[in-house]
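Below is one structure, written out as structure tokens; the observations come after it.
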Amino acid sequence: GEDVEQSLFLSVREGDSSVINCTYTDSSSTYLYWYKQEPGAGLQLLTYIFSNMDMKQDQRLTVLLNKKDKHLSLRIADTQTGDSAIYFCAEESSNDYKLSFGAGTTVTVRA
Amino acid sequence: KAGVTQTPRYLIKTRGQQVTLSCSPISGHRSVSWYQQTPGQGLQFLFEYFSETQRNKGNFPGRFSGRQFSNSRSEMNVSTLELGDSALYLCASSVNTPGELFFGEGSRLTVL
């Protein structure tokens with residue numbers, strides 16, 4: 001079955017870059033996603049990348065995908081206090097009707 | 001456009017009781033998925049419905065069930081509640097699964 005792993009915590013100084021890493025096991029993944037959850041809220045889709053891409057940039061967000069190593073990362077440039085949240089990576093299988101989520105990385109931005 | 005609406009937002013039950021949670025998807029979204037979120041387990045997939053049909057089911061016991069109505073609204077039911085069922089239950093809708101999921105704010109269930 002699918003297994004998605006992330007580190008649980010990341011602390012970063014305001015203005016620095018944050019890098020959140022994720023590994024997955026399903027080689028048939030078609031899309032990989034990054035979601036953000038703020039306190040007391042549901043998850044919000046941040047960005048996604050198709051499995052045949054290496055990189056995708058969207059304003060302050062950069063997604064890197066190493067399909068050979070099944071490694072996904074999310075870089076947030078110029079991290080702000082509003083970026084403090086839990087970040088989930090998720091993979092979509094090509095023949096399934098669900099996303100498999102990692103446990104989430106809690107990002108804390110300190111002044 | 002209204003977002004995904006889940007009711008109730010908070011509820012407290014005792015062991016052995018049953019609970020029904022409701023989810024109204026975004027208008028035009030025909031797929032509804034349910035996830036259980038707990039601090040230790042992260043998000044665990046419960047089931048997904050599309051046009052009133054369950055297309056996939058996670059590894060939860062039969063006490064967890066769901067359904068979808070013709071207007072795409074969905075309900076999930078948990079019978080014979082256990083302490084371990086305490087969690088945030090999240091509903092998500094999409095135009096075409098899995099695609100982009102739009103999550104509601106969740107229903108926080110506490111079992112005493």
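Miscellaneous remarks
- For the stretch B:53-69, taking the residues that are within 13 Å of another protein chain (Cβ to nearest Cβ) and not in a strand (DSSP E or B), the one that is surrounded by the fewest Cβ atoms within 10 Å (Cβ to Cβ) is identified as B:N59.
- Among residues of the stretch B:15-52, those that are open to solvent by 30 Å² or more (accessible area, probe 1.4 Å) and more than 20 Å from A:E92 (Cα to Cα), counted: 12
- The strands (runs of 3 or more DSSP E) found wholly in the stretch A:1-73 and carrying at least 2 residues that are among the charged types (D, E, K, R) occupy A:55-58.
- Qualifying residue in the stretch A:51-67 (condition: crowded, with 17+ Cβ neighbours inside 10 Å, among the acidic types (D, E) and either within 14 Å of chain B (Cβ to nearest Cβ) or touching a Lys or Arg at 6+ places or on another chain (Cβ under 7 Å) (or both)): no
- Considering residues of the stretch B:93-107 that are closer than 10 Å to B:Q6 by Cβ and not in a loop (DSSP other than H, G, I, E, B) only, the residue nearest to the other protein chains (Cβ to nearest Cβ): B:F103
- Scope the stretch A:85-106; condition within 14 Å of the chain's Cα centre (by Cα) and among the hydroxyl-bearing types (S, T, Y); matching residues: A:Y87, A:S100, A:T105, A:T106
- Being modelled with pLDDT of 95 or more, of a type in the set (A, V, I, L, M, F, W, C) and under 19 Å from A:Y33 (Cβ atoms) is not true of B:I12.
- Enumeration of residues in the stretch A:69-98 that are β-branched (V, I, T) and buried (at least 17 other Cβ atoms within 10 Å of the Cβ): A:I76, A:T79, A:I86
- B:A2 being small (G, A, S) and crowded, with 17+ Cβ neighbours inside 10 Å: no
- Filter result for A:I86 (among the aliphatic types (A, V, I, L, M) and either touching a residue at least 24 places away in the same chain (Cβ under 8 Å) or closer than 15 Å to B:L43 by Cα (or both)): yes
- A:L32 vs. criteria open to solvent by less than 50 Å² (accessible area, probe 1.4 Å), in contact with an Asp or Glu (Cβ under 7 Å, 6 or more places away or on another chain), modelled with pLDDT of 90 or more and aliphatic (A, V, I, L, M): yes
The values are calculated or read from the model by the stated rules, or taken from the named source; none is laboratory data. Quick caveat: nothing in here was measured; it's all calculated off a predicted structure. We place every Cβ from the backbone using ideal geometry, glycine too, and count neighbours over all the protein chains shown. Note: accessible area is taken over every heavy atom of the protein model, side chains too, but ligands, DNA and RNA are not part of it. Shrake-Rupley method; radii C 1.70, N 1.55, O 1.52, S 1.80 Å.
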